[in-house]
Amino acid sequence: MSEELFKRTFKIQSRNFDRAGENSSEIKGILKGLNLDSEIIRRAVVVAFEAEMNVVMYARVGTLTFLITDEDIHIDVMDEGPGIPDIEQAMQEGFSTATDEMREMGFGFGMGLPNIRKHSDTLKIESQVGKGTALSASIRLNSNA
Amino acid sequence: MPLSPAPVLAKPKALRRERPGDEDTNPMTLEEIKNLLFCQVLTHDADLSVEVDTVLASDGMSEILAFHRPGALMITGLTNIQSVRTADIADVRAIVYIRGKRVNEKAMDLARQKKIPVLTTKLGMFDVCGILREHGMKGAM
């Protein structure tokens, strides 16, 4: 059983593009303070940031729970929103349902979920159309993908 | 009249590489990049002796995050706050905004807060990447 070292839940503000990513930036600061391997930090922060941006862009409300154990980093993001009808399709690079506004912010080119998968060691996504999405990713502290 | 054979052109050195990383890069300082690309420096206290050795060039922020390398130079035409947020997340060493676009003030505030040097050039993406590639920089993607 792994030992829980740090846990914090952040609220994600939907549609607030000015503050979008602030939680992930704070997570980066926390991880740097723990003197973890810089590659592990970068991977965790990319996962958190892409997941946070998805909530900002698509959901009504969401939370990001960030947990560090002595074995891994967990990033759990839950939202209330439109959900993902076809997760397999959404995981394909280039697939996107983004609006022009999202693209103007530099997102929505069909790389978000693939980026999360690329940078995490485990990834689980559950979604209910019309209700919301739960994403759970982890990065092992001794991994270097 | 018989056709003469097409002249064999020597391939420019810069185009011989088959894949990113197949050859050594040529690190450059921000000062050198500023001069090459005719840049204006928007973060006035920036240390221009800082070196970069790889380039991330895209207007898509997830593209930057997909292929990021620590300490890279980010070239983009996206001038809003999310470009700086992405640069911070990706540990980008400096940003060059292209096409002479006006940089959003919120973006500049965040760049100053995160101490990310910001330069701007009137050149377009194609020319910026071509000039840097010609001088030995390599892409991170």
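The values are calculated or read from the model by the stated rules, or taken from the named source; none is laboratory data. These numbers come from a predicted model, not from an experiment. With ideal geometry, Cβ positions are generated from the backbone for all residues, glycine too; neighbour counts draw on all protein chains shown.
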Looking at segment A:102-134, which of the residues that are touching an Asp or Glu at 6+ places or on another chain (Cβ under 7 Å) and of a type in the set (A, V, I, L, M) is farthest from the other protein chains (Cβ to nearest Cβ)? A:ALA134
Going by what's in this entry, would B:ASP45 be described as surrounded by fewer than 23 Cβ atoms within 10 Å (Cβ to Cβ) and either within 14 Å of another protein chain (Cβ to nearest Cβ) or under 16 Å from A:SER25 (Cα atoms) (or both)? no
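Residue by residue, here is whether (1) within 11 Å of chain B (Cβ to nearest Cβ); (2) touching a residue at least 60 places away in the same chain (Cβ under 8 Å); (3) within 15 Å of B:SER83 (Cα to Cα) holds:
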position	(1), (2), (3)
A:LEU31	no, no, no
A:ILE41	yes, no, no
A:VAL47	yes, yes, no
A:VAL55	no, no, no
A:TYR58	no, no, no
So is A:LEU5 more than 19 Å from B:SER83 (Cα to Cα), touching a strand residue (DSSP E or B) at 6+ places or on another chain (Cβ under 6 Å) and aliphatic (A, V, I, L, M) or not? yes
Do any helices (runs of 4 or more DSSP H) lying entirely in segment B:69-141 carry at least 1 residues that are β-branched (Val, Ile, Thr) and either surrounded by fewer than 20 Cβ atoms within 10 Å (Cβ to Cβ) or at positive phi (or both), and which ones are they? B:125-134
May I ask you to verify whether A:THR99 is within 19 Å of B:ASN80 (Cα to Cα) and either at pLDDT 90 or above or away from chain B (no Cβ under 13 Å) (or both)? yes
Find the residue count for segment B:82-104, including only residues that are at the interface with another protein chain (Cβ under 7 Å from one of its Cβ atoms) and either over 12 Å from B:SER58 (Cα atoms) or among the aromatic types (Phe, Trp, Tyr) (or both). 5
Within segment B:22-42, tally of residues that are touching a Lys or Arg at 6+ places or on another chain (Cβ under 9 Å), part of a strand (DSSP E or B) and either of a type in the set (A, V, I, L, M) or surrounded by 15 or more Cβ atoms within 10 Å (Cβ to Cβ) (or both): 1
